[in-house]
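Here is the structure we will look at.
Every read-out reported here was derived from the displayed coordinates using simple, explicitly stated rules and does not represent laboratory data. As the structure is a computational prediction, the values presented were derived from the model and not from experiment. Glycine gets a Cβ as well: all are built from the backbone with ideal geometry, and neighbour counts include every protein chain shown.
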Amino acid sequence: MIQSIDISSMGSGLLPWTRLIHEKLAILATFAYSHVRLRELRKELLGERRFLEKVIYDIPKQIATQAVIDFALYFRALDDQHGLTDVWKRSQHPPTVGLLVMKDGKSKPLSPREMSNTVIHAKSIEWNLSSNPKIIDQEKWSRAEIEMKLLLDMGGELGS
């Protein structure tokens, strides 16, 4: 668990970054964690399902993909404004939100700042919607795996 950071005492910004981050994180969590149950429900439904895939997967995926991009941009702005990365670097347990896998197969922990950069510069964003959902970002490295559980932990600690 990371140290809770209350940025309300750090001065006001032009936008309420943490509120925007929390809104996007809510969309991401809802999409990622509801998919398993919706997949089960889809098997139970009888009759024609002509638009069901669109309603329960395609549209939510588009909204969640936009939300992850917005989340990354908002977090980057918050970090730029309040220096969260510098604060975390000085802590005993800096947060990680996933794994950065290089083309040679080696990997390293993915910091919140690196997560923002990878999402902002990603060629594509994919979803692993297993019981441990991840956002997969393909770029010059092999991939970045952003774990929803870790992202929720980090985002849930940002106070406003």
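Hey, got the dipole for the range 14-159? About the Cα centre, +1 on K and R Cβ, -1 on D and E Cβ, debye to the nearest 20? Working shown, then result.
On the way: 22 positive and 19 negative charges, 60 e Å.
Dipole magnitude for the range 14-159 comes out near 280 debye.
DSSP loop trypsin sites (Lys or Arg not before Pro) in the range 77-160 with at most 11 other Cβ atoms within 10 Å of their Cβ, which ones? It would help to have the intermediate numbers written out before the result.
Values: sites: 89, 90, 103, 106, 113, 123, 134, 140, 143, 149; in loops: 90, 103, 106, 123, 140.
Here the trypsin sites (Lys or Arg not before Pro) that fit, given the DSSP loop and packing criteria, are 90, 103, 106, 123, 140.
In the neighborhood of residue 37, defined by Cβ-to-Cβ distances under 14 Å, what is the net charge if each Lys or Arg adds +1 and each Asp or Glu adds -1? Before the final figure, lay out the partial values.
Values: positive: 39, 42, 43; negative: 40, 44.
Residues close to residue 37 contribute a combined charge of +1.
With the Cα gyration tensor of the chain giving a ≥ b ≥ c as the square roots of its eigenvalues, does the rule (a/c under 1.5 for rounded; else a/b larger than b/c for prolate; else oblate) give rounded, prolate or oblate?
Because a/c hits 1.5 or more and a/b exceeds b/c, the chain counts as prolate.
Once the other residues with Cβ under 13 Å from the Cβ of residue 89 are scored (Lys, Arg +1; Asp, Glu -1), what is the net sum?
Spelling it out: positives minus negatives among the neighbours equals -1.
Using label points projected 7 Å from each Cα along Cα→Cβ, tell me how many nm separate residue 34 and residue 157, to one decimal.
With each label placed 7 Å out from Cα toward Cβ, I get 2.8 nm.
Longest span of the chain, sites excluded, free of GluC sites (Glu not before Pro) in DSSP loop with at most 14 other C-beta atoms within 10 Å?
Answer - 49-156.
Using the beta-carbon distance between residue 80 and residue 149 and R0 = 25 Å, what value does 1/(1 + (r/R0)^6) give for FRET efficiency, to the nearest 0.05? Write out the running numbers ahead of the final one.
Details: r = 26 Å, r/R0 = 1.03.
Efficiency computed from Cβ-Cβ geometry: 0.45.
So what is the calculated 222 nm ellipticity per residue for the chain, using -39500 (n - 2.57) for each DSSP H run with n of 4 or more, over all residues, to the nearest 500 deg cm²/dmol?
The helix contribution divided over the chain gives -15500 deg cm²/dmol.
Any idea which of 154, 20, 124 is furthest toward the positive side of the dipole for the range 14-159, if Lys and Arg beta-carbons carry +1 and Asp and Glu beta-carbons -1?
124
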